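What follows draws every value from the coordinates through simple rules; no lab data is involved. Computed from a predicted structure; not experimentally measured. All Cβ positions, glycine included, derive from the backbone under ideal geometry; neighbour counts span all protein chains shown.
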Amino acid sequence: MGLTEIEQKLGHFHLSANEELQKVILAVDKKDPKKITCRAEYIQEIVKYFRQREGFTTAKIGYLIKTQSELTENIRAQLVDWMIGVSDKMCLLNETLYLAVNILDRYLSIEKVTKAKLPIFGVTAIHIAAKVEEIYPPSITDIVMTCERGCSREEIHRTEILMLKALKYDILNASVFKFIERYTKLLEVPDLVVHKSNYYAHLLLLDYNMLNYLPSLLAAGAIYLACHNTGTANKNWEWNLKISPEIGHKEEEVVDFAKKLPYILRTMAKGEFQAARKKFTHKRYMEVSKQEITEK
């Protein structure tokens with residue numbers, strides 16, 4: 001990102017401030033030299049590419065009305081909840097889950113699917129995403145066993161071909177998780193905030209209406225609320241200094257969106273779909289789902 005672009009986004013910052021900003025970001029990035037996707041030499045270009053891609057790789061809300069006739073928001077939420085549970089049971093990466101849900105939504109926005117056939121598309125989306133994100137993806141046999149033989153290897157193979165062709169093999173996306181990973185690193189927040197942000201993002205996967213928002217804004221809102229829910233906002237929330245230049249969302253925009261989240265998140269957390277809440281009761285996630293979601 002060039003200095004001119006940063007000046008346009010920050011407006012009131014002078015060239016010296018932009019130079020200082022670059023130094024701050026570079027200093028943070030150099031703290032994690034071993035992670036290949038976070039190398040200081042090109043991480044800002046990666047994030048810039050994510051931002052360019054996110055609008056094109058997010059399913060457009062309205063497909064349940066325009067494309068589907070048997071599916072509802074509740075049916076979609078039930079399947080996504082099941083996908084969260086399966087990914088947790090199989091110890092898959094968070095990246096795999098987000099990509100799987102994205103693949104499912106994008107396919108459903110293109111092709112009509114019956115309610116009876118919907119589960120096989122959820123299973124196959126996980127299979128495709130795992131092959132992209134996992135170092136050692138589970139075999140189809142493992143997936144079939146995990147699904148208690150609710151589908152066959154042949155069905156997954158056939159459905160995989162259908163989905164990939166419909167999506168024209170363009171399956172990589174800029175997910176909420178990738179933005180959470182980047183923003184929490186720049187803000188240098190404690191692990192508790194990272195886990196809470198991811199928990200909130202998992203709950204938002206259940207809400208069909210969240211397709212109205214870009215992944216970068218979903219991530220920003222989740223982190224903002226997590227910071228306030230952990231009492232670290234004053235120490236770690238330096239949005240205009242560290243985050244805004246990279247993602248283009250001003251603090252006011254993030255705050256307005258974050259104000260909508262507590263009610264939505266509490267509704268999802270206390271609703272009938274409990275896979276996300278159960279997942280984040282694990283100690284490795286610091287049991288964040290046991291903590292109250294409070295208003296900003």
Can you check what the net charge comes to around Ile110, using other residues whose Cβ is under 11 Å from the Cβ of Ile110 (Lys, Arg +1; Asp, Glu -1)? +4
Spelling out what I want: for every residue of the stretch 204-219, take phi, set θ = phi - 60°, compute 6.51 cos²θ - 1.76 cosθ + 1.60 (Karplus), and round to whole Hz; glycine and proline get x. 5, 4, 6, 8, 4, 5, 5, 5, 5, 10, 5, x, 5, 6, 4, 5
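Please go through the residue pairs Lys115/Lys168; Lys259/Lys283; Lys185/Lys270; Lys178/Lys250; Lys131/Lys279 and name each one whose alpha carbons sit more than 26 Å apart in this structure.
Numbers: Lys115/Lys168 24 Å; Lys259/Lys283 28 Å; Lys185/Lys270 30 Å; Lys178/Lys250 19 Å; Lys131/Lys279 22 Å.
With Cα atoms farther than 26 Å apart: Lys259/Lys283; Lys185/Lys270.
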In nm, give the distance between the simple-model label positions of His157 and Asn74, each being 7 Å from the Cα along the Cα-to-Cβ direction. 3.8 nm
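Ranked highest first by average number of other Cβ atoms within 10 Å, how do 93-99, 138-144, 289-295 line up? Numbers along the way, then the final one.
Working: 93-99: 22.4, 138-144: 16.0, 289-295: 14.0.
Ranked from most to least packed, the peptides come out as 93-99, 138-144, 289-295.
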Please state the shape class of the stretch 74-168: rounded when a/c is under 1.5, otherwise prolate if a/b exceeds b/c and oblate if not, all from the C-alpha gyration tensor. rounded
If the chain between Glu272 and Glu148 were fully stretched, how many nm would it gain, using 0.36 nm times the residue separation less the Cα-Cα distance? 42.5 nm
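Got a sec? How would Ile171, Ile128 order by Cβ neighbour count within 10 Å, fewest to most? Write down the numbers at each step before the final one.
Working: Ile171 20, Ile128 24.
If I rank by nearby Cβ atoms, fewest first, I get Ile171, Ile128.
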Positive-end extreme of charge dipole, the stretch 56-144 - chosen from Ile110, Thr57, Ile140 (charges on Cβ): Ile110
List residues of the stretch 168-182, by number, whose backbone nitrogen lies under 17 Å from a label position 7 Å along Cα→C-beta of Phe56. 168-175
Neighbour-count ranking [beta-carbon atoms within 10 angstrom, fewest first] of Thr114, Thr230, Thr124: Thr114, Thr230, Thr124
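In the stretch 105-141, what trypsin sites (Lys or Arg not before Pro) fall in a loop by DSSP, with at most 16 other Cβ atoms inside 10 Å?
On the way: sites: Arg106, Lys112, Lys115, Lys117, Lys131; in loops: Lys112, Lys115, Lys117.
Those satisfying the criteria are Lys112, Lys115, Lys117.
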Per residue of the stretch 177-194, in order, report the coupling 6.51 cos²θ - 1.76 cosθ + 1.60 (Karplus, θ = phi - 60°) as ³J(HN,Hα) in whole Hz, putting x for Gly and Pro. 4, 4, 6, 4, 4, 6, 5, 5, 5, 5, 7, 6, 7, x, 4, 4, 5, 4
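Around Pro138, with a cut-off of 12 angstrom between Cβ atoms, what is the net charge of the other residues, counting Lys and Arg +1 and Asp and Glu -1?
Details: positive: Lys89, Lys131; negative: Glu133, Glu134, Asp142.
Local charge sum for Pro138: -1.
Rank-order 264-276, 158-170 by packing density, defined as the average count of other C-beta atoms within 10 Å over each peptide's residues, highest first.
Numbers: 264-276: 17.3, 158-170: 14.4.
Output ranking for 264-276, 158-170: 264-276, 158-170.
Can you put Ile156, Ile126, Ile61 in order of Cβ neighbours within 10 angstrom, beginning with the fewest?
Values: Ile156 20, Ile126 29, Ile61 16.
Exposure proxy ranking, most exposed first: Ile61, Ile156, Ile126.
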